[in-house]
1. Would you please name the residue that is farthest from A:S182 (Cα to Cα), looking only at residues in segment A:220-237 that are modelled with pLDDT of 90 or more and of a type in the set (A, V, I, L, M, F, W, C)?
2. Being part of a helix (DSSP H, G or I), β-branched (V, I, T) and not assigned by TED's automatic domain parsing to the domain that holds B:D40 is true for just one of B:I186, B:I159. Which residue is that?
3. The conditions are (1) among the aliphatic types (A, V, I, L, M); (2) surrounded by 23 or more Cβ atoms within 10 Å (Cβ to Cβ); (3) assigned to a strand (DSSP E or B), and B:V41 fails exactly one of them. Which is it?
4. Can you tell me which residue is nearest to the other protein chains (Cβ to nearest Cβ) among those in segment B:159-196 that are of a type in the set (K, R) and surrounded by fewer than 23 Cβ atoms within 10 Å (Cβ to Cβ)?
5. Looking only at segment A:121-165, count every residue that is within 7 Å of chain B (Cβ to nearest Cβ) and free of Cβ contacts under 8 Å to residues at least 60 places away in the same chain and tell me the total.
6. Is there a residue in segment A:32-45 that is among the polar types (S, T, N, Q), under 30 Å from A:N200 (Cβ atoms) and within 14 Å of chain B (Cβ to nearest Cβ)?
7. Spot the failing condition for A:T3; the list is (1) within 15 Å of the chain's Cα centre (by Cα); (2) within 11 Å of another protein chain (Cβ to nearest Cβ); (3) in a helix (DSSP H, G or I), and only one is missed.
Amino acid sequence: MATDRLLTILMLLAKRERSHPKAGSLCSVAAEFTNLTGAGVALLSSGQQYTSVCTSNAVSRKLMELEIAVGEGPCVDACFSDFAIDESDLATNLERRWMAYSPMASVAGAHAVFAYPVRIGAIRLGALSFYRDVPGPLSASQSADAYLMASVIGRAILSMQAGAPRDTLAAELEREVTFDFSVHQAAGMIAVQGSMSVGNALVALRAHAFATNASLSELALRVVIREVSFDPRTGAWREESGNSYE
Amino acid sequence: MSRESLLIATLVELADNLVDDFDVIDVLSLLSLRCVDAVDVDAAGVMLASPGGELQVVASSSESMRVLELFQIQANEGPCVDCYVDGRAIINHSLKDPDDRWPQFSPRALAHGFHSVHCLPMRLRGRTIGALNLFRTARGMLSDDDVVVAQGLADVATIAILQHRTSLDAATLNNQLSNALNSRIIIEQAKGMVAQANNFGMDHAFELLRSHARNHNLGLTSLARSIVEGTLSGRELDEPPKSKVR
């Protein structure tokens, strides 16, 4: 019964909030509740920027970064759709979806991926995605559980925002979830280094991360600490030995 | 109005505010039942403060009039009122007759066969919004383990209320969230640009943005947006005064 399952979710959340107040419990609870290997949540900003909110393990984090880097995948699709996305056998990929994402996601350890829009009624916040380390479809009850979890996550995130002053991200959200702002800091730096727009700098960062098989956030951090920079004259990326700065 | 009609009216009023698939009364009723199973008590109810500050029962483990009457009396006097006002649990209070503390409540509770009463605060963002009210017929005290479980259930009830309240305001909250997220992204991008342009670290860059915004009476987000859009260069910002008194 749905109420029973909902109460279970709320109990899992309460349990985690007591013991791990900074852990970004939404994703961990999502994975535990649906009995899937990992989960991730993404939000859409008003500029239609797609931002990772939390991931429940290292592979989920990798998958989320991959989607942001290549701009395609189940979470991206679910963000912009009204229905669930499901690929129960990523390696086989019968429907020929996500030609950049799929092989790399398989290599990372995802054999099935599922994603659900995070909404309250018609209001769209983002998406909840799952992966499983073996192929196979979701059972009917897993699917119902995933929908329910998406609904709870939507409300939980909004409730965290409810206490914040206007135009400010709630402190609770910053504490509880793991937005990766270093990517945007790095984009700002690259924009000035390369005399390009921030939008293009983001694209350049993603492309370089993808080309060097590095995670986007690792690359961004290296840019921020000035180990990596962009040389506009050669159009090449440079490794520095460590500059000083004020 | 009879006590029963009053209770039903309250529930109906709350039910009118329920949105889509989330039935908060259902969840809280189930929680109250669970409470009686999980903790060594005989009746449980969730009390919420009305805007006027009176406590009202919104869900109960029992429909018996003897139980409901005891909730009703606690609108203005009783352990839950004290718990709500102080924000602290009231545990293992033995009822006695007469009782200076609760002259109306205690004799009635004893008359209905209860020997002790317990109230756990429901706290949200530093405020108490209500209480989980427990009644026990057996003599003796609740164990420490039971108290921990009971507080945990009170926390779950709080999350359920929060989920419900959030769905009432979802559109507004989501706009605020997606705008706040967008503003935050722009600020991080501007930080990167300013850091690069001036060869500063991120903290120094942020300080520069903030003090320039203050000096020119600009919103931080709108200043950041000018930097990112290129209408203002990171090198044109006012350097904050060197000797800053914090």
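The values are calculated or read from the model by the stated rules, or taken from the named source; none is laboratory data. Because the structure is a prediction, the values reported are computed rather than measured. Every residue, glycine among them, receives a Cβ derived from its backbone with ideal geometry; neighbour counts consider all protein chains shown.
1. Taking the candidates together, the pick is A:W237.
2. B:I186
3. (3)
4. Checking each candidate, the answer is B:R184.
5. Going through segment A:121-165 one residue at a time, the tally reaches 10.
6. Applying the first criterion (among the polar types (S, T, N, Q)) to segment A:32-45 yields A:34-35, A:37, A:45.
Imposing the further condition that a residue be under 30 Å from A:N200 (Cβ atoms) reduces the set to A:45.
Those still in the list that are within 14 Å of chain B (Cβ to nearest Cβ) too: A:45.
Within segment A:32-45, one or more residues are among the polar types (S, T, N, Q), under 30 Å from A:N200 (Cβ atoms) and within 14 Å of chain B (Cβ to nearest Cβ).
7. (1)
Per-residue answers, yes or no, for (1) under 19 Å from A:S25 (Cα atoms); (2) at pLDDT below 95; (3) surrounded by fewer than 20 Cβ atoms within 10 Å (Cβ to Cβ); (4) outside the structural domain of A:L219 (by TED's automatic domain parsing):
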{"site": "A:R61", "(1), (2), (3), (4)": "yes, yes, no, yes"}
{"site": "A:L66", "(1), (2), (3), (4)": "no, yes, no, yes"}
{"site": "A:F80", "(1), (2), (3), (4)": "no, yes, yes, yes"}
{"site": "A:D86", "(1), (2), (3), (4)": "no, yes, yes, yes"}
{"site": "A:V107", "(1), (2), (3), (4)": "no, yes, yes, yes"}
{"site": "A:A112", "(1), (2), (3), (4)": "no, no, no, yes"}
{"site": "A:A115", "(1), (2), (3), (4)": "yes, no, no, yes"}
{"site": "A:G126", "(1), (2), (3), (4)": "yes, yes, no, yes"}
{"site": "A:Y131", "(1), (2), (3), (4)": "yes, no, no, yes"}
